[in-house]
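Asks: Please see the structure below; I have some questions.
The values are calculated or read from the model by the stated rules, or taken from the named source; none is laboratory data. This structure is a prediction, so every number in the text was calculated from the model and none was measured. Cβ sites come from the backbone with ideal geometry, for glycine too, and all protein chains shown count toward neighbours. Accessible surface areas use protein heavy atoms only, side chains included; no ligands, DNA or RNA. Shrake-Rupley method; radii C 1.70, N 1.55, O 1.52, S 1.80 Å.
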Amino acid sequence: MLETLMPPNAENGSPSAKTAAGTRHDWTREEAQAIHNMPFNDLLFRAHCVHREHFDPNTVQKCQLLSIKTGGCAEDCSYCSQSARYDTGLSASKLMAIEEVLKGARAAKANGATRYCMGAAWREPKKRDMDALLSMVSEVKSMGLETCMTLGMLTDEDVVQLKSAGLDYYNHNVDTSERYYSEIITTRTFADRLDTLARVREAGIKVCSGGILGLGETPTDRVDMLVTLANLPEHPESVPINMLMAVEGTPLEDAKPLDGVSFVRAIALARIIMPKSYVRLSAGRSEMSDELQAMCFFAGANSIFCGEQLLTTENPGEDADEALFAKLGLVAEASGASGTQG
Ligand code: SAM
Ligand code: DTB
Ligand code: SF4
């Protein structure tokens, strides 16, 4: 039945270019741009067909975030509330005590989250913090949650230690295109980001990498960012797509909001060129209508952050998400269902 619904070349332009695993890593900007710019109905149809081929279209993974170290960051990411360079009214905190992290993890689990993502406002973790971080990983994992951390740049030693503590995923976003990167961040390079991603992969930790839309980038930047991710030696298991949360006091406080159709186009392209990855509709849901979120799910998004807070900004919260899932007939993915993927 699905075959008859599939438009020609539904997954990608050329079936002969598929690898044995059925995914491609040789996308050109032109091919991806042609998909991204298709008539919207054709794009949605194509993305949805790819989505159905690999996933249950009515199941959405729920991940919960916790900021384990907030603010005072040395980096200058121009979207971020946590950079020490901008006055955003946020006070810097020390690394959270393990008991507090576990309390958050228990609440997340009770809320139906299957993955717990612990984020720190660091350029990179310090040696003196490693023991506490490793305990957080092993204890959260022993509660039956998947573990994810986002701590900035990692060394070879860090990735080995995190892997042995049981870290399942590492989040490290490329954020935008290589061309636009230096307009957004000057304290590190796009290549630095790719280096850490390669170390994480090499250590056998699953990769979570995506970006932010609405930074003033062009549509081509959005295409290029997704092509970079799709052309990594292995696709990231998780691809978070964030809509900018414009934070007062940051250089991007007055950024023009990106229109919903452009956002959905990026989600659809991510789904088509990384067909087996979980595409996470990440920051920005609190500003989105139910209809826009529904369109993102139709276009292939199948993961969200749940709970009332992201790291420092707001998220819809459990009641709103329960109502949204009921309205759309969506169910939360069961623990362990993402298997080796996601
Ligand atoms: N410091 C680490 C790093 O930069 O990799 C980890 C935490 S950092 C806050 C994680 C990601 O959150 C960023 O790479 C960015 O994609 C996203 N993010 C941060 N601030 C955001 C904002 N205001 N709106 C949307 N996404 C944001
Ligand atoms: C990701 O891509 N988005 C999350 C998570 N990975 C770490 C963070 C979103 C942060 C939104 C702004 C804030 O709450 O400070
Ligand atoms: Fe620091 Fe991460 Fe925020 Fe950049 S995005 S300022 S590295 S916390």
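Asks: Starting from the 7 Å offset along Cα-to-Cβ, what nm value, one decimal, do you get for the label separation of Thr220 and His25?
Replies: 2.7
Asks: Given the chain, what percent of its DSSP beta bridges are antiparallel, to the nearest 5?
Replies: 5
Asks: Report the Cα-based extents of the chain along its three principal axes, largest first, to the nearest Å.
Replies: 56, 40, 38
Asks: Given the Cα-Cα distance of Asp56 and Met130 and 0.36 nm per residue of separation, how much length would full extension add, in nm?
Replies: Here the segment from Asp56 to Met130 would lengthen by 22.8 nm.
Asks: My understanding is that a pair violates if its Cα-Cα distance is over 32 Å; which of Lys69/Lys256; Lys256/Lys327; Lys94/Lys276; Lys126/Lys256; Lys62/Lys163 do that in this structure?
Replies: Check vs 32 Å cut-off fails for Lys94/Lys276; Lys126/Lys256.
Asks: Sticking with this one: Whole number in Å², please: accessible area per residue of the range 60-147, 1.4 Å probe, ligands, DNA and RNA not counted.
Replies: Heavy-atom accessible area per residue stands at 43 Å².
Asks: Please check: in the Gaussian network model of the chain (C-alpha springs, under 10 Å), which one of Asp131, Asp26, Asp221 has the largest mean-square fluctuation.
Replies: Ranking Asp131, Asp26, Asp221 by mean-square fluctuation puts Asp131 first.
Asks: Continuing with this model, one more query. Can you show me the helix-derived [θ] at 222 nm for the chain, built from DSSP H runs with n ≥ 4 at -39,500 (n - 2.57) apiece and divided by the number of residues, rounded to the nearest 500.
Replies: Roughly -11500 deg cm²/dmol at 222 nm, from the helical runs in the chain.
Asks: I would also like to ask the following. Using +1 on the beta carbon of Lys and Arg, -1 on that of Asp and Glu, and nothing else charged, what's the dipole of the range 104-240 about the Cα centre, debye to 20?
Replies: Charge dipole, the range 104-240, about its Cα centre: 440 debye, nearest 20.
Asks: Let me ask something else about it. What is the distance, in nm, between label points placed 7 Å from the Cα along the Cα-to-Cβ direction at Leu194 and at Glu248?
Replies: A separation of 4.0 nm, rounded to one decimal place.
Asks: Roughly how large, in nm² to one decimal, is the mean projection of the convex hull of the alpha-carbon atoms in the range 290-339?
Replies: That works out to 4.1 nm².
Asks: List, in order, the whole-Hz ³J(HN,Hα) value for each residue of the range 244-259 obtained from phi through the Karplus relation with A = 6.51, B = -1.76, C = 1.60 and θ = phi - 60°; use x for Gly and Pro.
Replies: 3, 8, 6, 9, 4, x, 8, x, 9, 4, 9, 4, 5, x, 6, 6
Asks: Given the options Leu213, Leu145, Leu232, state which has the largest fluctuation in a GNM of the chain using a 10 Å cut-off (strictly under) for Cα springs.
Replies: Highest fluctuation of the listed residues: Leu232.
Asks: Now for a different question. Please give, to one decimal in nm, the separation of the simple spin-label points placed at Val160 and Lys327, each 7 Å out from Cα toward the Cβ.
Replies: 5.1
Asks: Over every pair of different alpha-carbon atoms in the range 190-280, take the mean of 1/r and invert it; report that Kirkwood radius in Å.
Replies: By the Kirkwood definition, the hydrodynamic radius is 14.0 Å.
Asks: Can you report the principal axis dimensions of the range 210-251 using only the alpha carbons, biggest first, rounded to whole angstrom?
Replies: So the extents along the principal axes, rounded to whole Å, are 38, 21, 12.
Asks: Can you work out ³J(HN,Hα) from phi for every residue in the range 31-39, in order, using Karplus 6.51 cos²θ - 1.76 cosθ + 1.60 and θ = phi - 60°, giving whole Hz and x for Gly and Pro?
Replies: 4, 5, 5, 4, 5, 4, 9, 4, x
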